[in-house]
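Below: one structure, written as structure tokens.
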Amino acid sequence: MKIVGAAVCCLLISISAAAQDQEAQNPPAATAPQSASGQGAPAAHPAAITYSDGYLLRAKIHKYSSFATLPLFATEVALGQSIYNDPANADSRKGAHIAVGTGIIGLFGVNAVTGVWNMVEDRHNPQGRKLRLVHGLLMLTANVGFVATAAAGPHGKEHGFVTPPSESDKALHRDLAIGSMAIGTVGYTIMLFGHH
């Protein structure tokens, strides 16, 4: 039931993002202020910023791949919690848990490259700079957290034998994962809802 709720939430967020994208493509017409004679005065426009084709492609990759963020998070939490709650019968779910975790690291890697590259190209645009910077720092922090989560995963071998993970190892892995997902979700949602 929790997975269905998370999927519905992700769908609603995706619809909101698509509506924002449509609004960005068709902005409302601005009205020019009226002068004393009744004619519209020309509006002052900021300097035009030209973006490369590569920038536009990277922005599209970044945006559409990011729609997988919350569904991957929900799936990983569900799989990880089921393994944590029932470790005796977790063998069938461990492969899926590792695959989804690898997918999250891959997604954040792609979005880190496209996002940082576009931030460098967009550095002269003052509009939304703080929002982009906060978003980028949060997402890069989450990315580092996901790598630390994978490294802290209970998967060690000693003397050729697989050692059962200690409770503290499992708790560290889970806490790093949840903390990284929380940071990533905050970074994702501030850009989703704050970017006009």
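For the range 38-81, give me the residue count where each residue is modelled with pLDDT of 75 or more and not in a helix (DSSP H, G or I).
5
Which residues, taken from the range 122-140, are part of a helix (DSSP H, G or I) and crowded, with 16+ Cβ neighbours inside 10 Å? Steps first, please.
Kept after step one, since they are part of a helix (DSSP H, G or I), are these residues of the range 122-140: 129-140.
Across the range 122-140, the qualifying residues are Arg132, His135, Gly136, Leu138, Met139, Leu140.
Report yes if some residue within the range 97-118 is outside any helix (DSSP H, G or I), exposed (fewer than 14 other Cβ atoms within 10 Å of the Cβ) and not hydrophobic (A, V, I, L, M, F, W, C); otherwise report no.
Let us first name the residues in the range 97-118 that are outside any helix (DSSP H, G or I), namely none.
No.
Taking into account only those residues within the range 144-161 that are closer than 20 Å to Thr102 by Cβ and at pLDDT below 85, which is surrounded by the fewest Cβ atoms within 10 Å (Cβ to Cβ)? Don't jump to the end; show me each part of the working.
Of the range 144-161, the ones closer than 20 Å to Thr102 by Cβ are 144-157.
Then drop every residue that is not at pLDDT below 85, which leaves 153-157.
Details: Gly153: 19, Pro154: 18, His155: 14, Gly156: 10, Lys157: 8.
Looking at residues that are closer than 20 Å to Thr102 by Cβ and at pLDDT below 85, I get Lys157.
Yes or no: the range 164-181 includes at least one residue that is touching a Gly at 6+ places or on another chain (Cβ under 8 Å) and either of a type in the set (Lys, Arg) or surrounded by fewer than 12 Cβ atoms within 10 Å (Cβ to Cβ) (or both).
yes
The values are calculated or read from the model by the stated rules, or taken from the named source; none is laboratory data. The structure displayed is predicted, hence computed values, not measured ones. As a convention, Cβ positions derive from the backbone with ideal geometry for all residues, glycine included, and neighbour counts pool all protein chains shown.
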